[in-house]
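Read the structure below first, then the notes.
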Amino acid sequence: MRKLLAVAGTAALIVGLAGCSSASNTAAGSDCSQVAQPGDATSAVTVTGGFDVKPTVTFATPLKANETQREVLVTGTGPSVEVGQDVSINFSAYDGTTGTSLADTPYDGQTYLTVSNKLSVDAGQTGALPGIVKAVQCLPIGSRVLVVTSPGDAFGEAGNSQLGVGPNSSLVIVADIVSALPTRASGVDQPAPDGFPSVVLDPATGQPGVTMPSSEPPTETKIAVLKKGNGAVVGDNSDVTLQYSGFIWQTGEVFDSSWTRGSTATFNVNGVIQGFHDALVGQTVGSQVAVIIPPDQGYGSNPPSGSSITADSTLFFVIDILGTKN
């Protein structure tokens, strides 16, 4: 499964900012009493401008925070962001040492940076800088927040040569929390067709577990809608955001799962195996789809290196469609 991370406009800078952290701090928990607090560093920054409008940010340099500090500038009225949700933000980021503008979204009402509101820094799997994640934690949608990161929650001792950030620099970030995707499908339950594996969902997380039939797998791709959503339709060249788990029919083994990784997956429908593509196109956001994929519509004679998938493996996926963009 290929994961493609791209944001239009300032894509190169934003992806660099969101994916190159060298931080080694301990991951934050879900306790909202432990979020970053205001301090001398945030007090030294002046931000003007309204929500969802590019801010004017001024501060004296060098500015550094030994621990990440956060000040809420506007408190939104939407639901609070939950751990694990993908959050779409507008943001502007500056080098605390030099005051240089590093990257920002275009503030055009269409193009946002999407980050996973989950820190997994210890495992090296964070999808965004810890400082950005700490900016959005536990805040209502519609909030504007100012963060001055510690160096460890930014690029640490290594800095970032592509962005021109030196070693041990803090970042100054203003983020507007525009929206948040759900973490599981919310559509209406539908009966599964005969011959499909039995799917049971964890009541707390929605993560699927399956029981495989004793019968031989079908030789054609079979698709079933287990929950029918009422959102946008996935097109034949759409980017999608999903939760999914993949199982090997012959063994019942889980070979890939976004739930296990702790973050959703975003990619283009044309960047995946054919059976997975066919299961997505034409479906609606909010739906949960199950698909049985025979080898010739999966990986065939070229299974992923290091995987337990073999050339004759039939695959079964349970997919929650959380968002799409054509």
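Observations on the structure shown:
- When we screen PRO167, PRO182, PRO218, PRO191 for residues that are surrounded by 17 or more Cβ atoms within 10 Å (Cβ to Cβ) and either assigned to a loop (DSSP other than H, G, I, E, B) or modelled with pLDDT of 95 or more (or both), the only hit is PRO182.
- Residue satisfying condition, being surrounded by 15 or more Cβ atoms within 10 Å (Cβ to Cβ), modelled with pLDDT of 95 or more, of a type outside the set (D, E, K, R) and not in a helix (DSSP H, G or I), within set ALA224, ALA279: ALA224
- Lone qualifier among THR260, THR241, THR205 - being outside any loop (DSSP other than H, G, I, E, B), in contact with a Lys or Arg (Cβ under 9 Å, 6 or more places away or on another chain) and not basic (Lys, Arg): THR241
- Any chance ASN270 is closer than 18 Å to GLY323 by Cβ, free of Cβ contacts under 8 Å to residues at least 40 places away in the same chain and outside any strand (DSSP E or B): yes
- Checked against the criterion of being within 18 Å of the chain's Cα centre (by Cα), over 23 Å from GLN110 (Cα atoms) and not small (Gly, Ala, Ser), the candidates TRP249, TRP259 yield just one match: TRP259.
The values are calculated or read from the model by the stated rules, or taken from the named source; none is laboratory data. Keep in mind that what you see is a predicted model, and the values were worked out from it rather than measured. Using ideal geometry, Cβ is built from the backbone for each residue, glycine included, and neighbour counts are taken over all protein chains shown.
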